[in-house]
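**Q** Starting off with a structure, shown below.
The values are calculated or read from the model by the stated rules, or taken from the named source; none is laboratory data. Here the structure is a predicted model, which means the values were calculated and not measured. Note: ideal-geometry Cβ built from the backbone for every residue, glycine included; neighbour counts use all protein chains shown. All accessible areas refer to the heavy atoms of the entire protein, side chains included, with ligands and DNA or RNA removed. Shrake-Rupley method; radii C 1.70, N 1.55, O 1.52, S 1.80 Å.
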Amino acid sequence: MARFGLSALTSLLKGNGAPTAGSSSWSRPFGLGWEQPYTVRYASNLDDGPNHGMPLGGFGAGCIGRAPDGSFNLWHLDGGEHWFGNLPDCQFALFESDGDQSRAHALAVKPEVDASRPAAGEPLSAWSWYPASSDNQRTGTYAARYPISSTQYTGVFQAEVSCEAFSPILPGDYQRTSYPVAVFVWTLTNPTNRPLDLSLLLSWRNTTGWFTNTDPTAAVTFRDDGSPEHNYVPAIGRSKGHRNTWVEQPGLKGVLLDGERATPLAEGQGQWCIATADHLEVQRCSRWDPSGSGAELWEPFARDGSIPDSNNDRRSGDSDPASAALAVKCCLEPGASIEIPLVISWDLPVTAFATGSRALRRYSDFFGGEAGGDSGTSAAAIAAEALRDWRDWRSQIEAWQKPVLERGDLPEPLRMALFNELYDLASGGSLWTAAAAGDPVGQFGVLECLDYAWYESLDVRLYGSFALLQLWPELDKAVLRSFARAIPAADATLRPIGWYFTQGKGRVEAARKLAGATPHDLGAPNERPFEATNYTAYQDCNLWKDLASDYVLQVWRTYKLAPSGPDLGFLAECWPAAVQALTYLKTFDVNNDGLPDNGGAPDQTFDDWPLKGVSAYCGALWIAALEAGLAIAQQLQLELGLDTSGEQRQLGGWLEQSRANFDLLLWNGEFYKIDAESGTPVVMADQLCGDFYARLLGLPAVVADERASSALKAIKESCFEGFQGGRIGVANGLRRDGTPLDPNGTHPLEVWTGINFGLAAYYRLMGETSTAFAITGAVVEQVYSGGLQFRTPEAITGVNTFRACHYLRAMAIWALWATHTNWQAIPGAERQP
């Protein structure tokens, strides 16, 4: 057994990068349950419960999640799809002996019996599980500051035990950020006056072939809220053809977990690798049966820290599961410490869509060798790079987080949430394809959410893409290029519109996509994303009055604010689509006052909230977008010599007319009416999003300063302080006295997390920092104390319910960084791919 004293190898010395409670991390006692977590508002929406931890894995590579009770329970390994379930044999364990006494525990709390399979009994009944914390006693602490989490184990082992877990999520790095790998750095310290024999175990199930949809139809149905969904039936439990074998390479000892392979490789096929450094004392068991008590692995481990050292490469049959394990053994002298890196990597390179449609994941551009990126044979190579470079990755993570952590003028909950809300870029069903002609870093997309499973909803990313813009600007450009291609396209397929069903109005059909209309989204994982857009059919998105404005504003925003610098080529690529989008939207100006008119059915991001005539929300966005369009036209003519004089005259004429009528139609002396024709007497919280964007981008403000300030005062008093005493955030729309227009209303009585963060940024931009931080603090408190961490929803309510978890819009919290005084670019984000 390897022995380590105070002069242990330098390469094994304890690092100092672990996030801890109080260092802008979210933390929770290990395994402690929640008394009254938020629960879902609609029964048909997803609610996996509050036991969520930080995801591990690169963007678009698929990810796994380890919870605050130590269990691995989140498996987003099929692009855009969701599976939540605890595999108890996917776990770490620790053996310890001081010569007189020994103990061994799996480093997670005892798993529950599967209620759907009670006959299966207690899983791994021979194993000893780590005790959970209680209100009176803490057995450890889980802390997370994405992309690093830390688990400290206390009061059970004599050794001091902690684990850092991370993936190389690095701003501006369009290679490593895509890697399908999770690094676990275990730090073991002996604080006693006697030597400690220790053995650290990692066990992992062979799940190759599991994460693909076995339903050949994936038929679209409608939920009770009118939104479309498709059936997803992954091949959970499939075992035929599984085979585990030892692998050794320079710097690496481990086990490969392989499975059946088609030609070409099918979705879900490939391999996993569990590995550690080759200079450590390692035992490996290539195969054990996780369906029984687990005694074959646990009994020798609990006795002396050993596991069966065998290389059984038998292929599995049906109902013949195979797990693999490795154990690292050492002896720590008094006062000694050791770092043990354990890596889990996977190479599942194919994402399949509609029949015959497939894509390779971005990381396959860097792994594949002579066999090509779709061979699915690079898990060991990925693991080897992780074992070689993990210290450098951790240092780079610390460096890019430093500018935010050092901002003592930002409240600590805000600093914490800035990092942790980035989780959605990994676990939000993200899709990142291999590079191709015209797509130098591939195509990219994140689902609106798991309930509304379509990519990059444009109205939602108006808020939620601030993180991508500031940290991975080339991915932001990739999304906007995809929209530029989609705007001219058409699809005449008729579809029923879900909202009319919810209103009892029967079947109303509309064409999927009209030429010139800005699509709502870039498609869904069960179809052909980036090609078949406008997947959602809850509303007829061809009629929406905010999407074109959203697109033009985001194009100009990316040009102006991307840390990689102004990109004239990108601007020129998007210009024709921007002109076409604005021209199409102008056709909804039914009374020729310069402003597009809302049609009475919900036709904007508040898609359950009817607006009639000119509206404050859509009208302000329109004016800001015209200013942005003019700025783009002038820039292209000045810098590239393009003749945009005709477009400038047209946009300028519309702008002059719009400005002349906006206040005339909507200003009521204190704030802007929600619209010009419905007579709805509410203060709409997000009435001036367009003014926020214009001011942020250095464009002429949409409204005068004094009117903006007056409107913000009314919003604060009515929708924030007047709603639950400001405890949970800003409600979307209330009467001026803070009472609801309809006590049973949906959107008006919800607090939308992303809208709140965007609104807080607007307050900050207008010099009202204390209000900005009060709003942000209220929302962050609800999310991170209510069991909503790492599944932030679109909406929360005053009765402790939520809607639409894992929501894209919540990354609008990064708008606060963009508007903060002397904001700093994040190190690395300015790099070109």
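**Q** Against the longest alpha carbon principal axis of the chain, how many degrees, from 0 to 90 and to the nearest 10, is the axis of helix 547-561 turned?
**A** 70 degrees
**Q** For the chain, what proportion of DSSP beta bridges, expressed in % and rounded to the nearest 5, is antiparallel?
**A** Of those bridges, close to 95 percent are antiparallel.
**Q** At a 10 angstrom cut-off on C-beta neighbours, averaged per residue, how do the peptides 66-75, 807-816 rank from highest to lowest?
**A** 807-816, 66-75
**Q** Place a point 7 Å from the Cα of Ala126 along the Cα-to-Cβ direction; which residues of the range 245-285 have their backbone N under 20 Å from it?
**A** 283-285
**Q** Another one. When the accessible area of the range 82-172 is split by element with a 1.4 Å probe, what percent falls to carbon and sulfur?
**A** Ligands and nucleic acids excluded, carbon and sulfur give 43 percent.
**Q** Quote the accessible area belonging to Asp309 in square angstrom, nearest 10, computed with a 1.4 Å probe and with ligands, DNA and RNA left uncounted.
**A** For Asp309, solvent-accessible area is about 90 Å².
**Q** Taking the solvent-accessible surface of protein heavy atoms with a 1.4 Å probe, what is the per residue accessible area of the chain in Å²?
**A** Value returned for the chain: 32 Å² of accessible area per residue.
**Q** Which one, Ala676, Gln634, Gly594, is farthest towards the positive end of the dipole of the range 581-709 when Lys and Arg carry +1 and Asp and Glu -1 on their Cβ?
**A** Gln634
**Q** If you don't mind, there's one more thing I want to ask. Along the charge dipole of the range 198-259, pointing to its positive end and built from +1/-1 on Cβ of Lys, Arg, Asp and Glu, which listed residue (Gly254, Val233, Thr221) has its Cα farthest out?
**A** It is Gly254, whose Cα lies furthest towards the positive end.
**Q** Another question, then. Could you please state, rounded to a whole Å, how far the C-alpha centre of the range 705-782 is from the C-alpha centre of the range 364-412?
**A** Centre-to-centre (Cα) distance: 38 Å.
**Q** Okay, next question. Can you give the helix-only mean residue ellipticity at 222 nm for the chain, where every DSSP H stretch with n ≥ 4 adds -39500 (n - 2.57) and the sum goes over all residues, rounded to the nearest 500 deg cm²/dmol?
**A** Using -39500 (n - 2.57) per qualifying helix, the result is -8500 deg cm²/dmol.
**Q** Sorted by accessible area (1.4 Å probe), largest first, how do Leu543, Leu568, Leu582 line up?
**A** Heavy-atom accessible area, descending, gives Leu543, Leu568, Leu582.
**Q** Now a separate question. Would you mind computing, in nm to one decimal, how far apart the modelled labels at Thr221 and Ala295 are, each placed 7 Å from Cα along Cα→Cβ?
**A** Between Thr221 and Ala295, the simple spin-label model gives 4.3 nm.
**Q** Here's another thing I want to ask about it. Which value in nm describes the separation of the simple spin-label points at Asp135 and Asp643, placed 7 Å from the Cα toward the beta carbon?
**A** 7.8 nm
**Q** Per-residue accessible area for Glu677 at 1.4 Å probe radius, Å² rounded to 10?
**A** 100 Å²
**Q** Give me the dipole magnitude in Debye, nearest 20, for the chain about the Cα centre, with unit charges on the beta carbon: positive for Lys and Arg, negative for Asp and Glu.
**A** In debye, rounded to 20, the chain gives about 480.
**Q** Let me ask something additional. Can you send over the carbon and sulfur percentage of the accessible area for the range 341-443, probe radius 1.4 Å, protein chains only?
**A** C and S atoms contribute 50 percent here.
**Q** Quick check: Cα centre of the range 235-281 to Cα centre of the range 85-149, how many Å?
**A** For the range 235-281 versus the range 85-149, the Cα centre distance is 24 Å.
**Q** Ok, one more. Just the number, please: carbon plus sulfur as a percent of the accessible area of the range 614-691, 1.4 Å probe, no ligands or DNA/RNA counted.
**A** 47 percent
**Q** Would you mind checking the tilt of helix 753-765 against the longest principal axis of the Cα atoms of the chain, expressed as 0 to 90 degrees and rounded to 10?
**A** Here the helix axis deviates by roughly 60 degrees.
**Q** Name the residue from Pro88, Gln782, Ser44 whose Cα lies farthest towards the positive end of the charge dipole of the chain, charges +1 on Cβ of Lys and Arg and -1 on Cβ of Asp and Glu.
**A** The residue sitting farthest along the positive end of the dipole is Pro88.
**Q** Helix 616-640 versus the longest principal axis of the chain: what angle, 0 to 90°, nearest 10, using Cα atoms?
**A** Helix 616-640 sits at roughly 80 degrees to that axis.
**Q** Kindly report, to the nearest 10 Å², the accessible surface of Ser25 as traced by a 1.4 Å probe over protein heavy atoms only.
**A** Approximately 20 Å² for this residue.
**Q** What's the local net charge at Gly251, with K and R +1, D and E -1, over the other residues with C-beta under 12 Å away?
**A** In short, -2.
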